[in-house]
Amino acid sequence: MGRAYQNRKESMAKTANAKSKVYSKYGREIYVVAKQGGVDPEGNLALRALIDRAKKDQVPAHVVEKAIEKAKGGAGEDYAPAVYEGYGPGNCMVMVECLTDNPNRTIGEVRNCFTKTKSKIGAPGSVSHMFDHCAILAFAGDDEDAVLEALMMADVDVTDIEEDNGKITVFAPHTESHKAKQALRDAFPDLEFDVDEIQYLPQVMTTVSGDDVAVMEKFLDMLNDCDDVQNIYHNAEF
């Protein structure tokens with residue numbers, strides 16, 4: 001799968017202004033997951049994983065609590081996931097994950113980001129077939145064989161396992177995420193996940209160079225400034 005997977009997902013700079021945007025994105029996602037699967041993290045594994053990830057990203061507890069309380073109320077916005085895809089600067093492939101309560105507004109904002117950077121938004125499926133939708137679990141360790149055996153004994157469909165500098169990374173289909181985590185926790189009770197995410201991983205990379213680098217950075221900044229955008233995945237190598 002390639003060890004550069006973390007470079008393929010765009011995250012915002014940790015400035016004060018950017019942090020508030022990150023907190024907002026987490027709050028929205030926690031609200032949606034809690035509303036759909038229940039507000040108890042013990043019974044909603046997706047919520048528990050999301051809260052753990054929020055803690056790792058230093059999201060304040062009050063942001064998490066507010067989103068869960070909002071979901072308890074049952075009222076509020078009705079967000080739905082949306083994924084937009086297309087070609088960015090230098091003809092790289094881009095996928096944009098959103099949570100929206102107004103699809104017309106969201107696609108208008110995302111399309112504007114593509115248009116103003118000489119990029120091209122595509123139809124559903126135009127580039128997604130060139131990405132793998134993967135669960136990624138990374139943790140300290142150096143025994144790939146023991147990890148693989150634990151996953152196979154639990155009948156987990158594993159895509160790949162990598163070991164590098166004392167860290168093991170497991171890749172599996174996104175549908176196997178909870179099953180893989182449970183199998184690893186059962187086999188290694190003290191295990192702490194450094195990475196616990198579901199991402200779109202590109203199958204091939206595209207080199208972006210020259211003037212396209214600055215345009216790509218502008219493109220990503222514009223997308224990150226859209227409130228409805230949650231994650232951006234691309235196959236650009238600068």
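What the table shows:
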| read-out | value |
| --- | --- |
| Over the chain: helical MRE at 222 nm, DSSP H runs n ≥ 4 each giving -39500 (n - 2.57), nearest 500 | -13000 deg cm²/dmol |
| Per-pair calculated FRET efficiency, R0 = 30 Å: Lys72 and Asp101 via Cβ, rounded to 0.05 | 0.95 |
| Segment 48-193 - charge dipole about Cα centre, Lys and Arg +1 at Cβ, Asp and Glu -1, debye rounded to 20 | 1200 debye |
| Vicinal HN-Hα couplings computed from phi for segment 21-31 (Karplus, 6.51 cos²θ - 1.76 cosθ + 1.60; Hz; Gly/Pro x) | 5, 4, 4, 4, 5, 5, x, 5, 5, 4, 4 |
| Residue-span extension gain [Lys218 to Ala140] - 0.36 nm each, minus C-alpha spacing | 24.5 nm |
| Amide proton proximity set for Thr100, modelled H, under 5 Å, gap of 5+ | Ala80, Ala82 |
| The chain: relative contact order in percent, alpha carbon pairs under 8 Å with at least 6 residues between | 25 percent |
| Rounded if a/c under 1.5, otherwise prolate or oblate - segment 80-144, Cα gyration tensor axes | prolate |
| Full-stretch length increase - Phe238, Arg111 - with 0.36 nm per residue and alpha-carbon distance subtracted | 43.4 nm |
| Leading residue at positive end of dipole, segment 174-238 (Cβ point charges), from Gln203, Ile232, Ala214 | Gln203 |
| For segment 25-150: rounded, prolate or oblate by the Cα gyration tensor [a/c cutoff 1.5] | oblate |
| Dipole of segment 74-175 [Lys/Arg +1, Asp/Glu -1 at C-beta], most positive-end residue of Ala150, Met130, Tyr79 | Tyr79 |
| Segment 197-238, dipole about Cα centre (Lys/Arg Cβ +1, Asp/Glu Cβ -1), debye to the nearest 20 | 160 debye |
| Assigned charges on the beta-carbon of Lys, Arg, Asp, Glu; segment 163-238 dipole about Cα centre (debye) | 340 debye |
| In segment 97-206, the chymotrypsin sites (Phe, Trp or Tyr not before Pro) that fall in loop regions by DSSP, at most 14 other Cβ within 10 Å | none |
| GNM top mover of Glu149, Glu29, Glu162 - the chain, alpha-carbon springs below 10 Å | Glu149 |
| Sparse-neighbour loop sites [trypsin sites (Lys or Arg not before Pro); segment 103-162; at most 13 other C-beta within 10 Å; DSSP] | Lys116, Lys118 |
| Rounded, prolate or oblate (a/c below 1.5 giving rounded, otherwise prolate when a/b exceeds b/c) for the chain by Cα gyration tensor | oblate |
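Every number here is computed from the coordinates shown, using simple stated rules; none is lab data. Worth saying up front: this structure is predicted, and the values here are computed from it rather than measured. Note that we place each Cβ from the backbone using ideal geometry, even for glycine, and neighbour counts take in every protein chain shown.
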